[in-house]
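Quick notes on the structure that follows.
The values are calculated or read from the model by the stated rules, or taken from the named source; none is laboratory data. This one's a predicted model, so the numbers in the text were calculated from it and none came from an experiment. All Cβ positions, glycine included, derive from the backbone under ideal geometry; neighbour counts span all protein chains shown.
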Amino acid sequence: MEVVIVPDAKAGGELIAEAMAALLRRKPDALLGVATGSTPLPVYEALTAKVRSGAVDASRARICQLDEYVGLPAEHPESYRSVVLREVVRPLGLTEESFMGPDGTAEDVQGACESYDRALAGAGGVDLQLLGIGTDGHIGFNEPCSSLASRTRIKTLTQQTRVDNARFFDGDIDQVPHHVITQGIGTILEARHLVLLATGEGKADAVAQTVEGPVSALVPASALQLHPHATVVVDEAAASKLK
Ligand code: F6R
């Protein structure tokens, strides 16, 4: 695992956007796995700027989601489908055809999970998966105690994660769904390159446990230690508890 400490979130965004741009120059139809939440936004802004300036051509890029709320209508502004379309797909000049995600509105949720794993494999696998990290060490929505071999499946959000995410729902925790479909840890580990971005002091404990703690289902992000090509990009605040 490689750990890169950057001065701030903007620098982290620029660094990861450049890694994505380099990948797209090598492999124009690369499948980029994207995360939602606040942390990755500087990455998407920096990558969009590179596309608009002509520094990279992303017209053949493919985008896939990491997770999705269960039961939130697809057109809800906070469904992860809506967020990824708004923050990534459209700014990059792509269309919905180049984008895939799990169906959080499916009646057969288990079937939707299995079909998403098949779709990822059928697309040739994820080339670069961008990850955020929860304050409890989750990646995707693999909350603590998730199996390190897990596949895409339904999960129940912890109270802490629902509190953390209430800010996207007018601060009203009652509007935050209880369930999500998330790529499993085993699914995530199949991506060719994992890039985790963590910024801010609130992530410092989770980062320290991820990087310096034992590999443990109690800290799902620690599974990155098992991956042959994992990069953890942290700002100085998020790195503050590393030894
Ligand atoms: C969302 C996801 C989550 C977030 C994590 C951190 O797609 O994968 O693991 O990355 O909850 O969220 P922020 O960045 O908002 O602190």
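Details
- Qualifying residues in the stretch 180-198 (those that are within 15 Å of the ligand (Cβ to nearest atom) and touching a Ser or Thr at 6+ places or on another chain (Cβ under 6 Å)) - the one farthest from residue 64 (Cα to Cα): 197
- Residues in the stretch 137-152 that are farther than 24 Å from residue 38 by Cβ and out of contact with any Asp or Glu (no Cβ under 9 Å at 6 or more places or on another chain): 145, 147, 148, 149, 150.
- Failed item in (1) over 18 Å from the mean Cα position of the chain (by Cα); (2) surrounded by fewer than 17 Cβ atoms within 10 Å (Cβ to Cβ), with residue 94 passing the rest: (2)
- Some residue of the stretch 35-42 being part of a helix (DSSP H, G or I) and modelled with pLDDT of 95 or more: yes
- Taken over the stretch 67-102, residues that are within 16 Å of the ligand (Cβ to nearest atom), out of contact with any Pro (no Cβ under 7 Å at 6 or more places or on another chain) and not hydroxyl-bearing (Ser, Thr, Tyr) amount to 17.
- Criterion applied to 204, 191 was being in contact with a Lys or Arg (Cβ under 8 Å, 6 or more places away or on another chain) and of a type in the set (A, V, I, L, M), and the one residue passing it is 204.
- Of the residues 61, 35, the single one that is within 16 Å of the ligand (Cβ to nearest atom), buried (at least 20 other Cβ atoms within 10 Å of the Cβ), under 23 Å from residue 15 (Cα atoms) and in contact (Cβ under 8 Å) with a residue 24 or more places away in the chain is 35.
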